[in-house]
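S.K.: Here it is, the structure, as structure tokens.
Rule-based calculations on the coordinates, nothing more; no lab input. Since we're looking at a predicted model, the values are computed, not measured. Note: ideal-geometry Cβ built from the backbone for every residue, glycine included; neighbour counts use all protein chains shown.
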Amino acid sequence: MIFNRRSALGLMLAAPAVAPGLARAQDSWPTRPIVLVSGYAPGGLTDVMTRLIAARMSRELGQPIVVENRPGGATAIASTAVAQARPDGYMLLMGASSLAINPALQPNLTPKEPLRELVPVGMGYRSAFVLHVHPDVPARSTAEFIAHAKANPGKVNFGSSGTGAVNHLCLELFRNRAGIDVAHIPYRGGAPALIDLQAGRIQAMFAAALEAIPAIRDNRTRALAVSSAARLPLLPEVPPVAETLPGFDAVFWQGMFAPVGTPEPVLARLSAALRATTEDAEVRERMAAQGVAAETGDAAKLRQVLVEDTEMWGRLIREANIRPE
């Protein structure tokens, strides 16, 4: 092969136009700690899961991943901070279902169009809710509960952790699909709602599995169904709502996002590290013990989930005319 000045010029023109310094930086990334921003306060389930994922991913990437809690604004404070961050992979978001809910429920919040300002990295986990009722409710299945609600329109009080929370929207989806008239009683968090459910001041609610299980096992409430399409390992005897209302699948989820403009090689490393984390047997076991299911999925899967949930929750919010408290 004859290699002259002309052929060298041709090779240079054919090569991608990447600055040498940038190429070296991407090849060696990461060279310092990464910040993973959460929109939730420390100590709760979301925080525990975020820290579990961060710790395992840091082993894959060879750098610490520091979790930074920035609660407030229905997680908009955290997501906006990451959307406006330098797109170099050193500030990431542990995003959640709120990214699919806020555009319809609170359109003044930013980012107004998450997929224009954030780029998906991959799925983290899904967390189903348990439909449980006070023992005085004469229903032992989803079908019987629907029949009871239809026989008593407007008389069944259904609690939630707050207007616009995922378990509230889960209730609205259930009410819509079942064709029932129940009264929504919003609380400031799941704990006070659960207290009133056990006391009989409300009759039903969708609650996070880990919150509901102690009351269920002590017979202070009765589990009827789970909101996910599949059964929960912690409650294998409890069927999905979908066995009565086909296609019903309403869960809280979290996934990782980066600012738009983050280099593809960096995104690829992040996605591979997250996949390895969610496929890790110990991580999956620890998640299952908390009542959540590790969700292995790349950027395309997370994008699909966000698009589908934005459409589903947005339509429900508009049709039910739901407004924030």
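S.K.: Comparing GLN84, GLN203, GLN254, which has the greatest mean-square fluctuation in the GNM of the chain with Cα pairs linked when under 10 Å apart?
M.R.: GLN84
S.K.: Determine, for each peptide in 105-111, 297-303, the mean count of other beta carbons within 10 angstrom over its residues, then list the peptides with the highest first.
M.R.: 297-303, 105-111
S.K.: What is the packing order of peptides 155-167, 216-228, 307-319, taking the mean over residues of other C-beta atoms within 10 Å and listing the highest first?
M.R.: 155-167, 216-228, 307-319
S.K.: Here is a follow-up. Show which aspartates and glutamates lie in cross-link reach of LYS155 when reach means a straight Cα distance below 20 angstrom and same-chain residues fewer than eight apart are skipped.
M.R.: Result set, ordered by chain and number: ASP136, GLU144, GLU172, ASP181, ASP196.
S.K.: Next question. What's the FRET efficiency of GLN84 with ARG286 using the Cβ-Cβ distance as r and R₀ = 30 Å, to the nearest 0.05?
M.R.: The pair GLN84/ARG286 has a calculated efficiency of 0.35.
S.K.: While we're here: Using only Cα atoms, tell me the angle between helix 299-319 and the longest principal axis of the chain; keep it within 0 to 90° and round to the nearest 10.
M.R.: The angle comes out near 40 degrees.
S.K.: Quick check: the distance between the Cα centres of region 288-325 and region 164-210, to the nearest angstrom?
M.R.: Taking the Cα centre of each part, region 288-325 and region 164-210 sit 18 Å apart.
S.K.: Can you list the lysines whose alpha carbon sits under 26 Å from that of LYS112, skipping same-chain ones fewer than 8 residues off?
M.R.: LYS301
S.K.: For VAL241, what charge total do you get from the other residues with a beta carbon under 14 Å from its beta carbon, if Lys and Arg give +1 and Asp and Glu give -1?
M.R.: Charge balance near VAL241 sits at -1.
S.K.: How much FRET efficiency would the formula 1/(1 + (r/R0)^6) give for ALA300 and GLU325, where r is the Cβ-Cβ distance and R0 is 22 Å, rounded to 0.05?
M.R.: According to the calculation, E is roughly 0.05.
S.K.: On C-alpha positions alone, give me the angle between the axis of helix 142-151 and the longest principal axis of the chain, in degrees, nearest 10.
M.R.: So the helix axis and the longest Cα principal axis differ by about 50 degrees.
S.K.: Rounded, prolate or oblate: pick one for region 129-243, where a ≥ b ≥ c are the square roots of the eigenvalues of its C-alpha gyration tensor, a/c under 1.5 means rounded, and failing that, prolate if a/b is larger than b/c, else oblate.
M.R.: Note, shape of region 129-243 comes out rounded.
S.K.: Could you give the nm distance between label points at ALA55 and ALA151, where each point is 7 Å from its Cα heading toward the beta carbon?
M.R.: 5.0 nm
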